[in-house]
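**Q** What follows is a single structure, and I will ask about it in a moment.
The values are calculated or read from the model by the stated rules, or taken from the named source; none is laboratory data. Bear in mind the structure is a predicted one, so any value in this text is a computation, not a measurement. Note: ideal-geometry Cβ built from the backbone for every residue, glycine included; neighbour counts use all protein chains shown. We work out accessible area using only protein heavy atoms, side chains counted, and drop any ligands, DNA or RNA first. Shrake-Rupley method; radii C 1.70, N 1.55, O 1.52, S 1.80 Å.
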Amino acid sequence: MHRVITVAVIGLAVLALAGVADAFQCPKLVAQLNAAVGNRFDAAASSARAKAAEAEQLHKEGKHAESEKAAKEGLEQLGIKS
């Protein structure tokens, strides 16, 4: 029984740390996206800027998985694989 509890506690700790790691990924992806857009004014850059703004807002709302997805979509629109 003691072993089961120990395994459960370790599992929860790993999940908690994974969530914290995801929270720090969002700003890095948004920064990468904004840097890639730079001074571009084409349609892809405009769409990518919108994705960056969306990702930043989702991050502020604590929706890190959605934020990461939006930022990665913006990078893909610029032809950048993340």
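**Q** Any residue in the range 63-82 that is without any contact (Cβ under 8 Å) to a residue 12 or more places away in the chain sitting within a Cβ distance under 6 Å of a residue that is surrounded by 19 or more Cβ atoms within 10 Å (Cβ to Cβ)? List the pairs, counting only those 6 or more apart or interchain.
**A** From the range 63-82, the pairs are E66/L58.
**Q** Tell me the residue from V14, V4, V37, V20 that is open to solvent by less than 50 Å² (accessible area, probe 1.4 Å) and either at positive phi or at pLDDT below 95 (or both), please.
**A** Among V14, V4, V37, V20, only V37 is open to solvent by less than 50 Å² (accessible area, probe 1.4 Å) and either at positive phi or at pLDDT below 95 (or both).
**Q** Another question about this same structure. How many of the residues making up the range 45-82 are open to solvent by less than 50 Å² (accessible area, probe 1.4 Å), over 14 Å from N34 (Cβ atoms) and among the hydrophobic types (A, V, I, L, M, F, W, C)?
**A** Number of matching residues: 1.
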